[in-house]
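**Student:** I am attaching a structure below and will ask some questions about it afterwards.
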Amino acid sequence: MNPSQAAPGSQASLREANRLRVLEALRDQGAMTQVEIAGFTGLSPATVSNMVKELDTSGAVELEPSIRNGRRAVLVSLATGSTLIAGIAFGDRDVRVALGTSPRDIIGRQRMPLPADHAADEGMDRASRLLLDLVEKAGKTMADVRAVGVGIPAPVDSVSGQVGSESILPGWRGVAVAAEMQGRIQAPVAVDNTSNLAALGELRCGVLQGVQHGVYIKLSYGVGAGLILDGDLFRGAAGTAGEIGHLTIDENGPVCRCGNRGCLETYIGARGLLDALASSHGPLSLRDVITRALDGDPGCRRVLEDAGRHLGVAVAGLVNLLNPEVIVLGGQLSRVGSIILSPMRASLERCAIPSAAASVVLRESELEMDADVVGALVSAAALLPAGAGVLATAVSIS
Ligand SMILES: [Zn+2]
């Protein structure tokens, strides 16, 4: 994902895009004064000043007194001694890679499309090449990358480390991703499900900061959830907690890709939504459905409203079980906002225990499409030995 894609509207994404512009300018131009950074990036001097202060606090840049044009000046440069960490998030149709000095200090990112039925080897090769490319652009070597977090959009067995489903991501079945990626990257690798990582990203750097009990729901081609309990990510016995997409909504419903009948995902996953529109609208992509719904297309709005209703029933179950303070909606489909949120809220209020439903707040994701890759960086930072600079940074933001 490039910076302009990372910034659809919100204050947080605007700040993130500005931060990336400053870091990229320093990476490409070398040390500069704040006036020069403002001139080079087109950002206002006040914005640059705030950004540099923030980057200095997090250790991503170094400040050095100097003389410029006969005057005293402070030169800002990328922190050379920084340990680098990387986050890799495989989506259903793409892979995104981010390189940073901490989960908040991303110095570069790249995205590449992946075919839906790609083999694991191909996905991992492409991700490794993207990472190498980012590292070289930053003027570093792979030896500077000390840890990598990887997200997979399927259950990952935390005991065996393998992608734990025969049918959810067929090309990755049984692959021990951490070991395979470690072989390619020569750095320690942590692997988790992308919904878990998105929850972790929002917990450390986004809308779930300070929340004790929360749920992150990822609505994309599939649907998944990451659970925050007692202020930390809850993975369950084998790492597959939060598989909300495969909760049974109707025992006699359509057969799901997991082999069960009537899973939530058969109603609100991309395949179900697109099938429902095929006879009236012809072949559409998920992105088409989102765009058309936002433009007011009644059919597209209707299937998304129905999806919101079904989602609310499943979420009511979660609310009764866990009594969370906050539920965050993220993933591509969350971009339709109230088209899904309003019917979801109505179902939730109808189906959950009133006191639990009344105490839960529904929020939109703050990190948006970056939540999983930021979570991957958080999980990478956690692999570093205590004392590494980046770990201190990661801890300071929690
Ligand atoms: Zn299923």
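**Student:** In a loop (DSSP other than H, G, I, E, B), on the phi > 0 side of the Ramachandran plot and modelled with pLDDT of 95 or more - does that describe any residue in region 206-217?
**Tutor:** No, region 206-217 contains no residue that is in a loop (DSSP other than H, G, I, E, B), on the phi > 0 side of the Ramachandran plot and modelled with pLDDT of 95 or more.
**Student:** Right, something else. For the condition under 25 Å from G222 (Cβ atoms) and either part of a strand (DSSP E or B) or among the basic types (K, R) (or both), what is the one hit in R129, R109?
**Tutor:** None of the other options fit; the residue is R109.
**Student:** Among the residues of region 222-257, write down those that are polar (S, T, N, Q) and closer than 25 Å to F90 by Cβ.
**Tutor:** The answer is T240, and nothing else.
**Student:** Quick one: which residue in L362, L348, L383, L377 is part of a loop (DSSP other than H, G, I, E, B) and hydrophobic (A, V, I, L, M, F, W, C)?
**Tutor:** Going through L362, L348, L383, L377 in turn, just one is part of a loop (DSSP other than H, G, I, E, B) and hydrophobic (A, V, I, L, M, F, W, C): L383.
**Student:** What is the number of the single condition among (1) at pLDDT below 95; (2) outside the structural domain of G164 (by TED's automatic domain parsing) that E180 does not meet?
**Tutor:** Only one criterion in (1) at pLDDT below 95; (2) outside the structural domain of G164 (by TED's automatic domain parsing) is unmet by E180, namely (2).
**Student:** I'd like to check something: does region 189-199 contain any residue that is in contact with a strand residue (DSSP E or B) (Cβ under 7 Å, 6 or more places away or on another chain), more than 23 Å from Q332 (Cα to Cα) and away from the ligand (no atom under 16 Å from the Cβ)?
**Tutor:** Yes - at least one qualifying residue is present in region 189-199.
**Student:** Please specify each residue of region 255-310 satisfying the condition of being within 14 Å of the ligand (Cβ to nearest atom), touching a residue at least 40 places away in the same chain (Cβ under 8 Å) and among the hydrophobic types (A, V, I, L, M, F, W, C).
**Tutor:** C258, L264, I268, A270, listed by residue number.
**Student:** Same structure, new question: Which one of these is surrounded by fewer than 22 Cβ atoms within 10 Å (Cβ to Cβ), β-branched (V, I, T) and within 26 Å of L367 (Cα to Cα): T47, T101?
**Tutor:** Selected residue: T47, the only one of T47, T101 that is surrounded by fewer than 22 Cβ atoms within 10 Å (Cβ to Cβ), β-branched (V, I, T) and within 26 Å of L367 (Cα to Cα).
**Student:** Taking the options G245, G224, name whichever one is within 16 Å of the ligand (Cβ to nearest atom), assigned to a helix (DSSP H, G or I) and at pLDDT 90 or above.
**Tutor:** Of the residues listed, the single one that is within 16 Å of the ligand (Cβ to nearest atom), assigned to a helix (DSSP H, G or I) and at pLDDT 90 or above is G245.
**Student:** Same structure again: Is it the case that G201 is buried (at least 24 other Cβ atoms within 10 Å of the Cβ) and farther than 19 Å from L377 by Cβ?
**Tutor:** No; evaluated as a whole, the condition is false for this residue.
**Student:** I've got another one for you. Check D192, D157, D144, D133 and return the single one that is crowded, with 19+ Cβ neighbours inside 10 Å, outside the structural domain of G269 (by TED's automatic domain parsing) and among the acidic types (D, E).
**Tutor:** D192
**Student:** Here is a further query. Quick check on this structure: which one of A116, A154 is in contact with a helix residue (DSSP H, G or I) (Cβ under 7 Å, 6 or more places away or on another chain), outside any strand (DSSP E or B) and under 25 Å from Q332 (Cβ atoms)?
**Tutor:** A154
**Student:** When you scan region 91-104, how many residues do you find that are part of a strand (DSSP E or B) and touching a Leu at 6+ places or on another chain (Cβ under 7 Å)?
**Tutor:** 7
**Student:** Further question on the same structure: Kindly evaluate A278 against the criterion of being in a helix (DSSP H, G or I), in the same structural domain as P343 (by TED's automatic domain parsing) and either farther than 25 Å from R93 by Cα or aliphatic (A, V, I, L, M) (or both).
**Tutor:** yes
The values are calculated or read from the model by the stated rules, or taken from the named source; none is laboratory data. Quantities reported herein were computed from a predicted structural model and do not represent experimental measurements. Note: ideal-geometry Cβ built from the backbone for every residue, glycine included; neighbour counts use all protein chains shown.
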